[in-house]
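Here the structure comes first, spelled out in structure tokens, and everything after it is commentary.
The values are calculated or read from the model by the stated rules, or taken from the named source; none is laboratory data. Not measured: the values here are computed from a predicted model. When we count neighbours, we look across all protein chains shown, and the Cβ atoms used for this are built from the backbone with ideal geometry, even at glycine. Heavy atoms of the whole protein, side chains included, go into the accessibility calculation; ligands, DNA and RNA do not. Shrake-Rupley method; radii C 1.70, N 1.55, O 1.52, S 1.80 Å.
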Amino acid sequence: MNIFKAIFCSSLGKKYIMGLTGLALFGFVIGHMVGNLQIFMGQEKINAYAAMLKSVPKLLWVARIGLLFCVGLHIWAASQLVRENRAARPSRYEVNDPTVTTFASRTMIWSGLIVFAFIVYHLFDFTIAPDYLGHDAKDRHDVFKMVILGFSNPFSSLFYIIANGLLCIHLSHGVKSLFQSLGFSTGQFRGWFDRFAVVIAWVIFIGNTSIPAAVLLGFGKEVL
Ligand code: HEM
């Protein structure tokens, strides 16, 4: 059996694929949050940051295609593992026992699918159709105004807050599992990695939702 077949056909290989693609997506979520938090440093800072990201289009497209590839592989491996687990399990209730599994682990498919739907909505909201908002005084895409305008709609903000809650539930279990799949979370370190997963999920939730929450409370309204 060649290495490609060994990775894509075995359960262990699929777990590695889940772990590695999950790690890449997790890295994106952290980087994206840190970048977005610059909005609190004002219009100039966030617009300059967005312009900087777009100043190397080739690199941007490599990153976008890489992310899409990771999302596709992550979903494919997840669906394969779920199917294999179901086929191997004599009774649904054995693994679904709520005293053994957590809410996050039992709802991974649903939180993952809703986060995926959120990403599609988010791309239409902020990436695919934002040009009607025009440019700032330095003729750059006015990301600051776009975000303030977007989150001034309480329904949109509420959807972002709920989706980020689900993303963080997904990550609290996903990050824990990825350390296990990649073989780091063993013996005495297991508890540390499990706690890290929960703490980082909360950090991402608070970091991301602070933006719509701040806009709802009046932040940035002077640009509208
Ligand atoms: C409330 C939190 C968030 C804010 C304020 C935010 C803001 C933004 C903005 C402003 C852009 C467009 C950048 C530009 O066109 O210059 C963007 C793009 C994007 N965001 Fe978010 N985002 C948030 C949460 C998320 C989350 C949780 C995810 C994924 C799980 C995500 C995934 C993406 C992706 C994939 C893009 C497209 C990047 C590209 O191809 O250029 N965002 N976001």
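Evaluated over the range 3-223, the count of Lys pairs having alpha-carbon atoms less than 18 Å apart is 11 (only pairs 8 or more residues apart or interchain). At q = 0.08, 0.13, 0.14, 0.15 Å⁻¹, what is the base-10 log of I(q)/I(0) for the chain according to the Debye formula with one equal point scatterer per Cα and no solvent? Please give it to two decimals. Values returned for q = 0.08, 0.13, 0.14, 0.15 Å⁻¹ are -0.35, -0.86, -0.97, -1.08. Calculated mean residue ellipticity at 222 nm for the chain: -24500 deg cm²/dmol, from DSSP H runs with n ≥ 4 weighted as -39500 (n - 2.57), summed, divided by the residue count and rounded to 500. Going by accessible surface with a 1.4 Å probe and the largest first, Tyr16, Tyr49, Tyr160 read Tyr16, Tyr49, Tyr160. Membrane-span-like helices in the chain (whole DSSP H runs, Cα extent of at least 27 Å along the helix axis, mean Kyte-Doolittle hydropathy of at least 0.5): 11-36, 57-88, 154-181, 190-216. Taking the Cα centre of the chain as the origin and placing charges on Cβ (Lys, Arg +1; Asp, Glu -1), which of Ser105, Val198, Thr209 is farthest toward the positive end of the dipole? The Cα lying farthest towards the positive end belongs to Ser105.
Taking label points 7 Å from Cα along the Cα-to-Cβ direction, Val199 and Phe40 give a separation of 1.9 nm.
Averaging 1/r over every pair of different alpha carbons in the range 32-84 and inverting the result gives a Kirkwood radius of 13.4 Å.
Label sites at Leu158 and Ser79, each approximated as a point 7 angstrom past Cα along Cα to Cβ, lie 3.2 nm apart. As a fraction of the 1.4 Å probe accessible area of the chain, surface on carbon and sulfur atoms comes out at 72 percent.
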